[in-house]
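Encoded as structure tokens, the structure appears first; notes follow it.
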Amino acid sequence: MTPRVVFPNKVLPYLLVAPQLAITLVFFYWPAGQALYQSMLKEDPFGLKSKFVWFANFEKVLADPAYVNSIKVTAVFSLATALVAMSVALLLAVMAERVVRGKGLYRTLMIWPYAVAPAIAGMLFLFLFNPSIGTLAVLLRKAGIAWDPLLDGTDAMMLVVTAAAWKQISYNFLFFVAGLQAIPKSLIEAAAIDGAGETKRFWTIVFPLLAPTTFFLLVINTTYAFFDTFGIIHAVTGGGPGKATETLVYKVYNDGFVNLILGDSAAQSVILMVIVIALTAIQFRYVERKVHYG
Amino acid sequence: MATVDMKDVKKVYAGGVEAVKGVSIAIPDKQLCVLVGPSGCGKSTLLRMIAGLEAISSGTVSIDGKVVNAISPTDRDIAMVFQNYALYPHMNVYDNMAYGLRNRGTPKAEIDSRVRSTAKVLELAHLLERRPRELSGGQRQRVAMGRAIVRNPKVFLFDEPLSNLDAKLRGQMRVEIKNLQRNLGVTSVYVTHDQLEAMTLADILVVMNAGLVEQMGAPLDIYEKPASTFVASFIGAPPMNLMALKREGGHARLAEGVTLGVEPPATAATLGFRPEDAIVGQVEGKRALVLPAVVEAVEPVGAESFLHCAATGDRVLVRVSGRATAKPGDKLSITASLDKIHWFDAAGKRV
Ligand SMILES: Nc1ncnc2c1ncn2[C@@H]1O[C@H](COP(=O)(O)OP(=O)(O)OP(=O)(O)O)[C@@H](O)[C@H]1O
Ligand SMILES: [Mg+2]
């Protein structure tokens, strides 16, 4: 136990944490409280009158088939994005370990996509995969794949997942590279002498020892897929075709700011908040148990 | 059971560091070969080349008469104990030991019996469920040993396996390793920079210096007949006293008033004698080297004491048994009998 530092002054400690508290209050608790309050109001489209309706908005939202669809879409989208972003990043990180010359350059280049804004990333992919003018879309069509994200829901989903994952790969890559470097080389050598081939070494030694990194990235990537991908979806598909890519966050925006059903939208964002809190709690409670630190 | 042969093995690291500059060692079956030398002399590099963890730049390494240069460590059928033990932190002791057997497709029942019997030999039986981080340093060391033994490999490789232990445990494990190695009869290569470990463990002792073999042979032969001043000062603790000779008119001498007792070999440039081969005082009627000296410091160790003296401008160490009567500042004579004196030429080679 490290000795505890005791402040003789009673006020100073509060003053010291005040800025942090103020930021949290203003930028998190206040809006969250507002959303909670808003979610129990019913407002006319012109914003002139509002009525307190308790949980009526929640009941309405949860009974809406479009909302249930959106939950499914979000689940598929988040899972796929996290999976793709993490597995591709891991593969690249493992490959980067073996690069002998130009390791630094290679790594630096790998990090660039992270600096691209989500909406821009979305536009990039929109152009690349545009059925009529996209370079990659043409290649796909030449390979005999009927590709049309404007009409086909699955194609659209693949497109947004690709765009969302692409942007997150660099971030994951950085952490995986650091994680791989933290594994003592002698462990890998010991495993080699113990008769484990390269693949076996990866799955029995490297992968388990990377677990803390993987777990951390799982939490981060899920949160990313839930919240930060709005720009990509907005730019690439706008939630379409036929709500095939309308995630929860996108629906919050759509209902609130486009359709101006403020009560529903607020109720949705409260549900979203609860979902993310629950997900993170579950991840920490159940997944982390299987993780071996050190 | 295997022989290990190194023929003119060289290692040049990327960047041009020549770590091993042509080493040839032949280790017969069941023998324990100790590589000893100062830090950076290439011991670990040589060991890692035998293991296959480091590519061999030129020359050949053969195990059991078969050149293994191009064979991966996975297929060399060797076991290695690392200095930091390299235990798999996410596996318990049992799995650490079973890992190598599982990789080689040993049947489950056999794995179990082998792991348990090895654990018993190493007194690890009650620790099988523990993770490495829940073990003491000494226990970890045993697990690392167990992981090597359980596979029953052709060759054991040890890279300073005891250097992370305290002195007492080190002494204990040293004896244990020797016994295990002899009982199992597995050819072994053991790297250390501890000369005591080297002397006590080795069947064949290889003294290395700057990437080359300085001397090779039975430990006591090397102790009795060091091939160079380097070996003389490296093997034996405390190290041999070395004194430079001056040549005057064709005669070698140490200093004014010092009897050499004998005419040294013509090419001798350095004289040496071990602290334990000298006595304090003079012996009547016997031709010997007699040095007038002043005691500078006394180190009592218990069973013996070391006298640090200044003699003819050199520092000379003498070992006397029991409690020393001399005190710092005392003047005395140091006598070394002639048959215990070693002569080295200007290049440091034994004459
Ligand atoms: N990967 C490497 N790349 C370049 N040079 C290296 C590498 N590993 C070791 N060397 C160099 O090779 C030489 C021999 O190193 P080695 O590790 O074999 O020494 P050692 O005898 O085991 O020393 P110690 O007793 O300190 O472990 C040293 O000069 C070292 O700097
Ligand atoms: Mg070493």
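General remarks:
- Loop sites here are chymotrypsin sites (Phe, Trp or Tyr not before Pro) outside DSSP states H, G, I, E and B with no more than 14 other Cβ atoms within 10 Å. The longest part of chain A free of them is A:56-292.
- Here the Gaussian network model covers chain A, with springs between Cα atoms less than 10 Å apart; of A:Ser186, A:Ser265, A:Ser39, A:Ser186 fluctuates the most.
- Once you divide the Cα radius of gyration of the range B:153-241 by 2.2 N^0.38 Å, the number left is 1.11.
- Normalised convex hull volume, chain A, alpha-carbon set, Å³ per residue: 217 Å³
- Computed from label points 7 Å out along Cα-Cβ, the spacing between B:Leu338 and B:Leu196 is 3.6 nm.
- Just so you know, the Rg over Rh for chain B is 1.07, from Cα atoms, with Rh as the Kirkwood radius.
- Rg over Rh [alpha-carbon atoms, Kirkwood Rh] for the range B:1-104: 0.99
- When both the range A:136-193 and the range A:65-107 are represented by their alpha-carbon centers, they are found 5 Å apart.
- Computed over the range A:180-293, the ratio Rg/Rh where both radii use C-alpha atoms and Rh is Kirkwood: 1.21
- Evaluated at q = 0.19, 0.22, 0.28, 0.31 Å⁻¹: base-10 log I(q)/I(0), Debye formula over Cα of the range A:128-168: -0.52, -0.68, -0.98, -1.08
- Modelled spin labels at B:Ala218 and A:Arg101, positioned 7 Å past Cα toward Cβ, are 5.3 nm from each other.
- Euclidean distance between Cα centres, the range B:289-312 to the range A:217-270, Å: 86 Å
- Unit Cα scatterers, Debye sum, the range B:258-309: log10 I(q)/I(0) for q = 0.21, 0.30 Å⁻¹: -0.96, -1.34
- Of the GluC sites (Glu not before Pro) in the range B:252-351, the ones in a loop by DSSP (not H, G, I, E or B) with at most 12 other beta carbons within 10 Å are B:Glu256, B:Glu284.
- Translational diffusion of the range A:77-152, estimated by Stokes-Einstein from the Kirkwood radius over alpha carbon pairs at 25 °C in a medium of 0.890 mPa s, is 165 µm² per second.
- Solvent exposure ordering (accessible area, 1.4 Å, most first) of B:Lys340, A:Lys72, A:Lys251: A:Lys72, B:Lys340, A:Lys251
- All Cα pairs of the range B:186-285, percent lying beyond 18 Å: 57 percent
- Whole-Hz ³J(HN,Hα) from phi, Karplus 6.51 cos²θ - 1.76 cosθ + 1.60, for the range A:166-176, glycine and proline x: 3, 5, 8, 4, 4, 4, 4, 4, 4, 5, 5
- Cα extents for the protein assembly as shown along the principal axes, largest to smallest and rounded to whole angstrom: 126, 72, 54.
- Principal axis extents of the Cα atoms in the range B:23-62, from largest to smallest and rounded to whole angstrom, are 26, 23, 16.
- All Cα-Cα separations within the range B:27-182 were binned at 10 Å from zero, giving a P(r) of 10, 38, 37, 15, 1, each value a whole percent of the pairs.
- Here the label points at A:Val5 and A:Leu150, each 7 Å from Cα along the C-beta direction, are separated by 6.1 nm in the simple model.
- Whole-Hz Karplus values for the range A:242-249 come out as x, 6, 5, 10, 7, 7, 4, 4 Hz, taken residue by residue from phi with 6.51 cos²θ - 1.76 cosθ + 1.60 and θ = phi - 60°; glycine and proline positions read x.
The values are calculated or read from the model by the stated rules, or taken from the named source; none is laboratory data. All values derive from a computational prediction rather than experimental measurement. Every residue, glycine among them, receives a Cβ derived from its backbone with ideal geometry; neighbour counts consider all protein chains shown. Just so you know, the surface numbers come from the protein's heavy atoms only, side chains and all, with ligands and any DNA or RNA stripped out. Shrake-Rupley method; radii C 1.70, N 1.55, O 1.52, S 1.80 Å.
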